[in-house]
Amino acid sequence: MIKQSLSVLAFALLIALPAEAQLFSLASGPVSETPSDSRSVNFLDLNNDGWEDLYISNGLQGGQPDLLYLNDGQGQLIPVTDMDIVEASNPSDGASFADYNNDGHIDGVISSWYGAEDLLYLNDGTGNLVYNDDAGIVSGSFAETAAFGDYDNDGWLDLLITNSGTSRTNFLYRNLGNNAFERITDHPLVDASKLSRGAIWGDFNNDRQTDVFVTNEGNSSNDLILGRGNGKYEALTTEPIVTERNSSMTASWGDVDNDRDLDVFVGNSGFFVSQNNQLFRNMGGDTFEEVTDDPAVNTSNCTFGSAFGDYDNDGDLDLVIANGFCNTGLQNTLYENQGDGTFVDASSELGTNGSVCSFGAAWGDVNNDGYLDLAVANCKNSSTSAEPANSLMINQGSGNNWLKVQLTGTMSNRNAIGAQLEARAVINGEVTWQLRDVQAQSGYAGQNSLIAHFGLGSAVLVDTLIVHWPAGNRQILTNLSANQTLSITEVTNISNASTTPQKELLSFEVFPNLITDSVAARIQVQNQSGLGLQEGQVFVYNILGQALYQEALQVPRGRSELILDVPSMNLASGTYYVVLHLEGKQLSQQLIIR
């Protein structure tokens, strides 16, 4: 099913247009008016209503209730006051939100400092987050951030928590599938003993195994741990990305040059001592090249948060960094991508951007108009500073087109954390590929929306969208109209959907695979298994994974053909999958109807 995105004109009228040229306006309302000493900022859809909600953690020493805002369906964020997650008063730090028990509802974890407990929450199915007091989380930590990711790719989200105090040991928790976790202490993901800050999961070498990048402060080297499959990991030890020493706070994965692999930004800061940030371009394999001459790395900052997002919808990833705990230069910085992976300072687009200490930053479309809005968690710059309000900045739009994609896993974890999406469109006369990955942590103390967002410039069509699911399946959709939100559910055992298996004893073709709804299609099966007559079934699925047609068939040895009565199915135009269940296998091909 294709769900059209809603444009909320009433909300736009509530935001006064700026007097000077800028793209963002500070939203009025509780988010931007409530003072607090904040840390993490996370976009999530807590109640499954299709509207982005917002969570902000507070890290005041001695404790302070965290902040949760529910979207009222018109882009207005309303504070929640009577839920477990906002009634605790821990000195909170990082946070991560995802459906860790695969029941279709967003859960969460809040990491705590000063030896307080890391708190795990379960969604009761109504959008209410309830404290999970029997989850297997160890008591007492100096935790910086928390990040859900499926390290062993079993379809259940695990948890990595970084620590910057006491034993300097990070925590890895394996999901047991029963709302509880088991701590894993002997593993490359937690072998290092450093003052760790950020942790981001992402498959940078395109081997369909999730890797982890961990940032470490105290002029230590950072860690890149490579997924090798089945929960096995190996630390990269020789590249400059893991041998240079800085005091790193944040990192963000993003394909800045549109070459379909993940590059990484690293934000650095000493304690009230600014440092230059870093950008590493992915050169393929396990190799990175550091960018040494670019505005994004030439300026000295005290950077804590970072997030990639295409704020101007022109088809490339831009970058925002949040600066804090510094004597000078506290203004946050927005860098606009020039289309080739180089950046220019576009901070003037932010409009209101005062000299205030900031921590985490995240992108999400709060008014469902297709343009990314920006939330920033602001903090006290010293123990004697006043508590600032946080910042919610509404994107006024650039006129460019867009596509948003929400994934639902079936074999993979429910939120498809770790999935990668590739979209191709002709932008400004050039064929452009873009890559997005679904992350439950997009920078230190920040989480972008779980809905993948593509800017399309003037393009009105995405001619190809490829979804690489964490479980290893691949779905290919074609000819998708711009300016809509797609909801895609993983189709079980769809692999390389547009390709007929080669040198297989059992294979099949659907032809023609581009037809009208009044034309029958043919399924041609090649059975060279030597097992004689085989009983099987053929299904037709939509992109949501819903079976729309089912028919039994018998396949003799050799070649056989089945007529697929498309007119009787009353199918709308779109992309479908024909799946053959035979001989204990499931084979698939696309069927495109116009």
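The values are calculated or read from the model by the stated rules, or taken from the named source; none is laboratory data. All figures in this text were calculated on a predicted structure; none of them were measured in a lab. Cβ placement follows ideal geometry from the backbone for every residue including glycine, while neighbour counts extend to all protein chains displayed. Calculation scope for accessible area: heavy atoms of the full protein, side chains included, ligands and nucleic acids excluded. Shrake-Rupley method; radii C 1.70, N 1.55, O 1.52, S 1.80 Å.
Label reach from D340 (point 7 Å along Cα→C-beta): in region 258-278, amide nitrogens under 15 Å belong to 258-259. Fully extending the segment from T516 to A547 would add 9.2 nm, taking 0.36 nm per residue of separation and subtracting the current Cα-Cα distance. Modelled this way, with points 7 Å down the Cα-to-C-beta line, the labels at L571 and E239 are 4.1 nm from one another.
For the chain, the equivalent ellipsoid built from the Cα gyration tensor has semi-axes of 41, 26, 23 Å, listed from largest to smallest. In sequence order, region 207-220 has phi-based couplings of 9, 6, 10, 6, 9, 9, 10, 10, 8, 10, 8, x, 6, 9 Hz under the Karplus curve 6.51 cos²θ - 1.76 cosθ + 1.60, θ = phi - 60°, and Gly or Pro positions carry x.
Normalised by the number of residues in region 42-95, the mean separation of alpha-carbon contacts (under 8 Å, six or more apart) gives a relative contact order of 34 percent. Region 318-386 and region 229-293 have Cα centres spaced 20 Å apart.
Approximating the spin labels as points 7 Å out from Cα along Cα→Cβ, the S383-to-D463 distance works out to 6.3 nm.
With a 1.4 Å probe and every protein chain kept in, tell me what percent of the accessible surface of the chain is carbon plus sulfur.
Here it works out to 47 percent.
Between D191 and S28, the distance separating the two model label sites (each 7 Å from Cα on the Cα→Cβ line) works out to 5.7 nm. Taking all protein chains into account, the per residue accessible area for the chain stands at 36 Å² (1.4 Å probe).
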